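Contents: one structure, followed by commentary.
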Amino acid sequence: MPTFPPLKNDLLLRTARGETTDRTPVWMMRQAGRYLPEYRAIREDHDFFEVVETPELAAEVTIQPVERFPLDGAIIFSDIMVVPEALGLTVEMVSGQGPTFPEPLATPDDLDRLVDPNIDAALGHVFDALTRTRHELEGRVPLIGFAGAPWTLMAYMVEGGGSKSYRHARAWLYRHPEAAKDLLRRTTDVVVDYLIGQVEAGAQMLQVFDSWAGLHGPDTFRTFCYPYLDEVASRVKSACPEVPLVVFAKNAHYALDALADTDYDVISLDWSMDPEAARETVGDRAVLQGNLDPCALYAPPDALRRHVQHMLAGFGPHHHIANLGHGMLPDHDPEHARVFVDTVHEQSEQMRTV
């Protein structure tokens, strides 16, 4: 593994491991992106996937919010769609639509189009970006890597893009259950190797995004979602026991108890989840992360501070990583992001000293 500068701020990692800290660490999902004018300036000359696939640009964009705000972590600028691309599918980022698959997996026969990728060849640009970013951060904060969860990736690969219902992907669970499991298994293998590769390249914490976990009911979650989330955690943790793992299963309220029994160190909550109820369910089995409604950042600064204080009070004195309940939005005011970050630091320090 490469040699990197010593870490100066390990607050995020210590909290993720359940250690006592003097304040709450904070970072934001999608903290590098469209709401920052410096990011938009780069995008004037480079399309989205060009930034993702160019390590110098990905590193620059990853570090932009760390230069602007006193964050406790940097998350590599990439996209969960690099895994479907590695599996041999074409993905386009269409303005106003998001990721789009010109040729989605329409039937089980289409699984024959998938390839077994050479991870270093297919995803080496992400590994190079991680290594470069880790050096350029100079130990200021930990670097977070990530991947999409098998079910969420399957949902996109079958549906062909974003959808309110993901009815085509969900139909596979009933019409083609064995083919669905085959696709999930193959995707799981790539996700595991990809996450381990990220650690070897310099990632110090990993998050698995299961953005569409909430599309399941409890039964299909247990069959088509949970086993693969669990396997990702157990295999990655076996290879990289020192690296904290975070799982974000959006809208899957019923899944908290099961997720707390996996090897994930941290469970991230979306804004619809009550922190006190989540803590009662999870107990001391995992650290919690989240979960301010991203739209709270549209509030005036004084009101935003009150919302952040209310969020912190809900998580209480337990180990907690402050974050949003989903990602930053394109028209967020960067100065409101600063209010969020500063308020977490100030208020959590006060709570620790009371």
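The values are calculated or read from the model by the stated rules, or taken from the named source; none is laboratory data. The structure presented is a predicted model; accordingly, all values stated were derived computationally and were not measured. With ideal geometry, Cβ positions are generated from the backbone for all residues, glycine too; neighbour counts draw on all protein chains shown. These accessible areas exclude ligands, DNA and RNA; they are computed on the full protein's heavy atoms, side chains included. Shrake-Rupley method; radii C 1.70, N 1.55, O 1.52, S 1.80 Å.
List of remarks:
- With all protein chains modelled, accessible area of GLU335 [1.4 Å, Å²]: 80 Å²
- For VAL94, the residues whose modelled amide H falls within less than 5 Å of its own, excluding neighbours fewer than 5 places apart on the same chain, are THR100.
- For ASN323, the residues whose modelled amide H falls within less than 5 Å of its own, excluding neighbours fewer than 5 places apart on the same chain, are GLY290, ASN291, LEU292.
- Segment ASP109-HIS135, extension gain: residue separation times 0.36 nm, minus the distance between their alpha carbons: 4.9 nm
- Phi-derived couplings, Karplus 6.51 cos²θ - 1.76 cosθ + 1.60 at θ = phi - 60°, listed residue by residue for segment 104-118: x, 7, 7, 9, x, 4, 6, 4, 5, 7, 6, 10, 8, x, 7 Hz, with x used for Gly and Pro.
- CD proxy at 222 nm, helix term only [per DSSP H run n ≥ 4: -39500 (n - 2.57); per residue of the chain; nearest 500]: -14500 deg cm²/dmol
- For GLY161, the amide hydrogen comes within under 5 Å of the amide hydrogens of PHE101, counting only partners 5 or more places away or on other chains and with H modelled in the peptide plane.
- The residues neighbouring GLU136, those whose beta-carbon lies less than 13 Å from its own, together hold a net charge of -2 under the Lys/Arg +1, Asp/Glu -1 convention.
- Segment 226-311: trypsin sites (Lys or Arg not before Pro) in DSSP loop, at most 13 other beta carbons within 10 Å: none
- In loop segments of segment 1-109 as defined by DSSP, the trypsin sites (Lys or Arg not before Pro) with at most 12 further C-beta atoms inside 10 Å of their C-beta are LYS8.
- 9 Å beta-carbon shell around ALA249, net charge (K/R +1, D/E -1): -1
- Straight-line reach from LYS164: taking Cα to Cα under 19 Å and skipping same-chain neighbours fewer than 8 places apart, the lysines in range are LYS250.
- The chain: Rg to Rh, with Rh as the Kirkwood radius over Cα pairs: 0.94
- Global geometry of segment 145-295, whether rounded, prolate or oblate, following the gyration tensor of its Cα atoms and the 1.5 cut on a/c: oblate
- Look at the alpha carbon pairs under 8 Å that are at least 6 residues apart: their mean separation over the length of the chain gives a relative contact order of 22 percent.
- Averaged over its residues, the chain has an accessible area of 41 Å² per residue, based on protein heavy atoms and a 1.4 Å probe.
- On Cα atoms only, tilt of 301-315 relative to the major axis of the chain in degrees: 70 degrees
- The alpha carbon gyration tensor of segment 62-191 gives principal lengths a ≥ b ≥ c with a/c of 1.5 or higher and a/b greater than b/c, which makes the shape prolate.
- Size of charge dipole - the chain - debye, nearest 20, with Cβ of Lys, Arg +1 and Asp, Glu -1, no other charges: 720 debye
- Shape analysis of segment 16-108 places it in the oblate category; the axes a ≥ b ≥ c from the Cα gyration tensor give an a/c of at least 1.5, with a/b not above b/c.
- Over segment 1-148, relative contact order from alpha-carbon pairs under 8 Å, at least 6 apart, %: 34 percent
- Taken along the Cα-to-beta-carbon direction at a fixed 7 Å, the label points for THR223 and ARG43 span 3.9 nm.
- Cα-based helix-to-principal-axis angle, 150-159 vs the chain, degrees rounded to 10: 60 degrees
- Chain lengthening between CYS295 and TYR174 when straightened (0.36 nm per residue, less Cα-Cα): 40.0 nm
- Within the chain, antiparallel bridges make up roughly 15 percent of the DSSP beta bridges whose residues both belong there.
- Residue-by-residue Karplus 3J(HN,Hα) for segment 167-183, coefficients 6.51, -1.76, 1.60, Hz, glycine and proline x: 5, 5, 5, 5, 4, 4, 5, 9, 7, 10, x, 6, 5, 4, 5, 4, 4
- Summing charges over all other residues whose Cβ lies under 15 Å from the Cβ of ARG17, with Lys and Arg as +1 and Asp and Glu as -1, gives -4.
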